[in-house]
There are 2 protein chains.
Amino acid sequence: MSFQFSERVPKNDSDPVGDILKVAGSPDVISFAGGLPAPELFPIEALKKVTNQVFDESGREALQYASAIGYPALRQQIAQRMNKQGIKATVDNIMITTGSQQSIDITAKMFINPGDTVIVEKPTYLCALDVFRSYGAHIVGVEMDEDGMKMDQLEKAVAENSNTKFIYTIPNFQNPTGRTMSAERRKQMIEIANKYDIMIMEDDPYGAIRFAGDDIEPVKFYDKEQRVIYLSTFSKILAPGLRLGWIVMNKDLMPKYSVMKQSADVHSDNLTQHIVAKFMSEYNIDEHVDKIRKVYRQRENVMMAAIEKYFPAGVNYSHPEGGLFIWVEVPGDVDTIKLFNTCIKHNVAFVPGEPFYPDKVTPGTFRLNYSNMSEDQIQTGIERLGSAIKETIEQNETSSVAQH
Amino acid sequence: MSFQFSERVPKNDSDPVGDILKVAGSPDVISFAGGLPAPELFPIEALKKVTNQVFDESGREALQYASAIGYPALRQQIAQRMNKQGIKATVDNIMITTGSQQSIDITAKMFINPGDTVIVEKPTYLCALDVFRSYGAHIVGVEMDEDGMKMDQLEKAVAENSNTKFIYTIPNFQNPTGRTMSAERRKQMIEIANKYDIMIMEDDPYGAIRFAGDDIEPVKFYDKEQRVIYLSTFSKILAPGLRLGWIVMNKDLMPKYSVMKQSADVHSDNLTQHIVAKFMSEYNIDEHVDKIRKVYRQRENVMMAAIEKYFPAGVNYSHPEGGLFIWVEVPGDVDTIKLFNTCIKHNVAFVPGEPFYPDKVTPGTFRLNYSNMSEDQIQTGIERLGSAIKETIEQNETSSVAQH
């Protein structure tokens, strides 16, 4: 039969990022393309131990249907963690989700009518863009610098789009740029949101993985009018395979969120919720996060040093103080796909910048991940990448001269 | 701030079923309201054993990000199971979801544009109605009898609604009625779908829980044109807390489903997918399902006998050959909410029929669940329910006489 998809489904059947990850997955290729945490850091023995306890102590409860908004003991643990991080919250403000992706999806479904404007950092998390588009959002990108979204341009974008529903921001070690929004701009963002009476979706999967500089309070810390929907996840601080995230919200929103969550998947995996709650009561998760931060700091340092050594002059890159990603900008109108193909010949891979842009793409941009590779692989991979960049720049200059 | 929800969010903040389950949850009340499997049948020791194996053998893989469409070994196990049940399928036809609710949600999101018609059994699963409404569907209910949807009325509904996207059906031991569609009508449904070139969403969470009569081939068995999207789940045959379901589809649809699944929650809990795949390779799940069927058969028999003994003459009820539910129709325009309140005074509860109807509600209807209560509780509860029904019918007749 001929299937007629809804308007929410992308017309295009291509999956550029999927194709890239497939090519990058070849055993010869050193891939900085994914966004995978280091699996050797997963606390497997500890999780195994608490899982046995869950089966022994509350197996029937953990395997049964449960509350849409999540397991109360886990929500309680998260509330405590949130308060330590500058977010006033009780269990009544917290809903468990099947990972941050679902938090984004449910929030978008609840608030975006077709044609509503969503303002995002440019570039930003590509799967958030996919979600916003699927609900018919008009997406407006705001330029960033090293301190995050530029506030004058943000205010201009809000003022020009009276139907703005919310600002979507990843304030810490942003995906894909690795940049962090300054405290001053966080305050300004709240002021703008207050002035124009709009919401903010603060997506913070990486905030706990800071390995340099000082912690900065979340945007929600400055939010006196409870307009910030704050999202975080266990994916980067524990294990992404568990698909557990959470939303901190104005508690008046909980009944609607509960209805929409029930519609989405009834509730998140209850066994896993029990496992993670038990893990947090039996172990100090901050000690575990410290281990992750140390390893990622070391890997980032190795990547930075290799970039300085092997990349040609003129290439710009971000200097993340945490998270998983470095953003690279190669000057001179380089075609990123051509660069990617050259890299594959050199057996190294990244994610090209294109899919992270809501509108006009900056050429020659790409994202590097350092969390999932050994220090040796990082050294070798960046050396290959440096050669590929030089080769591409030279070809580009030659063809550019030829055109004149 | 004043939050402006999208059109997808129900305007009404009331949650009648939630309120009912809250009242029914009182310790004095015998509740036939929920749809919970019997937790004493969960294979806790077996699951614990295979979970330890998963942590030992493939902990890193199980805790890491994974494929959107699901763990290949689990999809393989499901494909084998599907073939035994009359559905030709390979791994390429199967996507794992976070429970059947998500299968319904993703399918609805992918195919329903606002104003498109979805045809459903009347009454039907209320959370499917919620999903269809959230995407702006025009829902048309088709009357049923003991053999399922009436086919002449189905064809009339399809013919009258040229924008029909799909028929949503629960062919086996339907929720809420417990009724099963005959083989003849399944064939007819496919013929109608072929004739009008529309899809069928076949939701089959209960099919394996048959405890009387003969198995009937799924609607998808008759589907030569691959227009049936078949949904099932581990919720009723293993444990609902695990939130794992699957979709069997035309493999041409897989790329779009994969994109939409990734947007929804990246993928379903990977640890749990590994646990269930291991359970299915180490144990015979059919032996486990046999245990469930025996217990539910016994509970249904006890409930049936009690109904025959305690319900007043004239009350109709379905005679399910499997699944979890019996549907009751009290004659004489009885107000179901009034009946519910009388039942609560008698310390017994059910789910009133109202929310299961897409449009006009049949008064005096309600759903009983027998899977989650002991035989003693079923006996006592049905006795109380019989008294409450008699009391309500008498009051109704008195007030009806008074009005004349």
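The values are calculated or read from the model by the stated rules, or taken from the named source; none is laboratory data. Predicted model only: the values in this text are computed from it and were never measured. Methodologically, a virtual Cβ is constructed for each residue, glycine included, from the backbone with ideal geometry; neighbour enumeration extends over all protein chains shown.
Cβ-Cβ contacts under 8 Å between residues 6 or more apart (or on different chains), taken from a first residue in the stretch B:67-82 that is in contact (Cβ under 8 Å) with a residue 24 or more places away in the chain and in the same structural domain as B:T272 (by TED's automatic domain parsing) to a second residue that is among the β-branched types (V, I, T) and assigned to a loop (DSSP other than H, G, I, E, B), are listed as B:A68/B:V266; B:R75/B:I69. For the residues B:A62, B:A66, B:A79, the requirement of being closer than 30 Å to B:L253 by Cβ, of a type outside the set (F, W, Y), at the interface with another protein chain (Cβ under 8 Å from one of its Cβ atoms) and out of contact with any Pro (no Cβ under 9 Å at 6 or more places or on another chain) singles out B:A62.
Scanning the stretch B:1-17 for residues that are more than 8 Å from every other protein chain (Cβ to nearest Cβ) and either closer than 16 Å to A:S67 by Cβ or not in a helix (DSSP H, G or I) (or both) returns B:K11, B:N12, B:S14, B:V17. Put simply, of A:I94, A:I106, A:I87, A:I119 the only residue that is farther than 22 Å from A:F234 by Cα and more than 9 Å from every other protein chain (Cβ to nearest Cβ) is A:I119.
Within the stretch B:294-308, take every residue that is touching a residue at least 12 places away in the same chain (Cβ under 8 Å) and of a type in the set (D, E, K, R) and give me the one that is surrounded by the most Cβ atoms within 10 Å (Cβ to Cβ).
Residues of the stretch B:294-308 that are touching a residue at least 12 places away in the same chain (Cβ under 8 Å), as a first pass: B:294-300, B:302-304, B:306-307.
Retained after the next criterion (residues that are of a type in the set (D, E, K, R)): B:294, B:297, B:299-300.
Values: B:K294: 12, B:R297: 17, B:R299: 22, B:E300: 25.
Out of the qualifying residues, it is B:E300.
Pairs are defined by a Cβ separation below 8 Å, a sequence spacing of at least 6 or placement on different chains, a first member in the stretch B:264-284 that is assigned by TED's automatic domain parsing to the domain that holds B:W246 and closer than 17 Å to A:T272 by Cα, and a second member that is part of a helix (DSSP H, G or I) and at pLDDT below 95; no pair meets this definition.
Within the stretch A:262-295, work out how many residues are closer than 19 Å to A:D376 by Cα and touching a Leu at 6+ places or on another chain (Cβ under 7 Å).
Of all residues in the stretch A:262-295, those closer than 19 Å to A:D376 by Cα come to A:292-295.
Restricting the remaining residues to those that are touching a Leu at 6+ places or on another chain (Cβ under 7 Å) gives A:292, A:295.
Residues flagged as closer than 19 Å to A:D376 by Cα and touching a Leu at 6+ places or on another chain (Cβ under 7 Å) within the stretch A:262-295 amount to 2.
Filtered by the rule that a residue be free of Cβ contacts under 8 Å to residues at least 12 places away in the same chain and touching an Asp or Glu at 6+ places or on another chain (Cβ under 8 Å), the stretch B:7-38 gives no residues. Just one of (1) farther than 21 Å from A:L242 by Cβ; (2) out of contact with any Phe, Trp or Tyr (no Cβ under 9 Å at 6 or more places or on another chain) fails for B:A24. It is (2).
One residue stands out in the stretch B:260-300 among those that are among the β-branched types (V, I, T) and at the interface with chain A (Cβ under 7 Å from one of its Cβ atoms): the one that is nearest to B:Y206 (Cα to Cα), namely B:T272. Quick one: in the stretch A:91-103, of everything that is touching a residue at least 60 places away in the same chain (Cβ under 8 Å) and out of contact with any Asp or Glu (no Cβ under 7 Å at 6 or more places or on another chain), which residue is surrounded by the fewest Cβ atoms within 10 Å (Cβ to Cβ)? So the residue we want is A:D92. Considering only residues in the stretch B:325-373 that are charged (D, E, K, R) and within 23 Å of the chain's Cα centre (by Cα), the one that is farthest from B:S387 (Cα to Cα) turns out to be B:D359. Every condition in (1) within 28 Å of the chain's Cα centre (by Cα); (2) surrounded by fewer than 23 Cβ atoms within 10 Å (Cβ to Cβ); (3) farther than 25 Å from A:F366 by Cβ; (4) more than 8 Å from every other protein chain (Cβ to nearest Cβ) holds for A:I44 except the one numbered (4). The condition of being on the phi > 0 side of the Ramachandran plot and buried (at least 21 other Cβ atoms within 10 Å of the Cβ) holds for A:G70. Can you find, within the stretch A:1-51, the residue that is modelled with the lowest pLDDT among those that are under 30 Å from B:M249 (Cβ atoms) and basic (K, R)? Looking at the filtered set, the residue picked out is A:K22.
Take A:M144 and decide whether it is assigned to a loop (DSSP other than H, G, I, E, B), away from chain B (no Cβ under 14 Å) and more than 13 Å from the chain's Cα centre (by Cα). So A:M144 fails the test.
Close contacts from the stretch A:40-52, counting a first residue that is closer than 18 Å to B:L47 by Cβ and a second that is part of a helix (DSSP H, G or I) and of a type in the set (S, T, N, Q), with Cβ to Cβ under 9 Å and a gap of 6+ residues or different chains, come to A:K48/B:T51; A:K48/B:N52; A:V50/A:S281; A:T51/B:T51; A:T51/B:N52; A:N52/B:T51; A:N52/B:N52. Residues in the stretch B:154-169 that are more than 22 Å from B:S232 (Cβ to Cβ), among the aliphatic types (A, V, I, L, M) and surrounded by 13 or more Cβ atoms within 10 Å (Cβ to Cβ): B:L154, B:A157, B:V158. Do we find a residue being facing chain B (nearest Cβ under 10 Å), crowded, with 24+ Cβ neighbours inside 10 Å and touching a Phe, Trp or Tyr at 6+ places or on another chain (Cβ under 6 Å) anywhere in the stretch A:208-231? No, because not a single residue in the stretch A:208-231 is facing chain B (nearest Cβ under 10 Å), crowded, with 24+ Cβ neighbours inside 10 Å and touching a Phe, Trp or Tyr at 6+ places or on another chain (Cβ under 6 Å). Of all the residues in the stretch B:18-41, those that are surrounded by 15 or more Cβ atoms within 10 Å (Cβ to Cβ), under 25 Å from B:V295 (Cα atoms) and more than 9 Å from chain A (Cβ to nearest Cβ) number 9.
For the condition within 14 Å of another protein chain (Cβ to nearest Cβ) and either in contact with a strand residue (DSSP E or B) (Cβ under 9 Å, 6 or more places away or on another chain) or of a type outside the set (V, I, T) (or both), A:S134 qualifies.
Say whether the condition of being touching a Pro at 6+ places or on another chain (Cβ under 7 Å) and within 8 Å of chain B (Cβ to nearest Cβ) is met by at least one residue in the stretch A:247-259. Write out each step before concluding.
First pass over the stretch A:247-259, keeping only residues touching a Pro at 6+ places or on another chain (Cβ under 7 Å): A:259.
Subsequent filtering for residues that are within 8 Å of chain B (Cβ to nearest Cβ) retains A:259.
Taking every residue of the stretch A:247-259 in turn, at least one turns out to be touching a Pro at 6+ places or on another chain (Cβ under 7 Å) and within 8 Å of chain B (Cβ to nearest Cβ).
Looking at the stretch B:353-372, is at least one residue farther than 15 Å from B:V23 by Cβ, surrounded by 23 or more Cβ atoms within 10 Å (Cβ to Cβ) and hydrophobic (A, V, I, L, M, F, W, C)? Yes.
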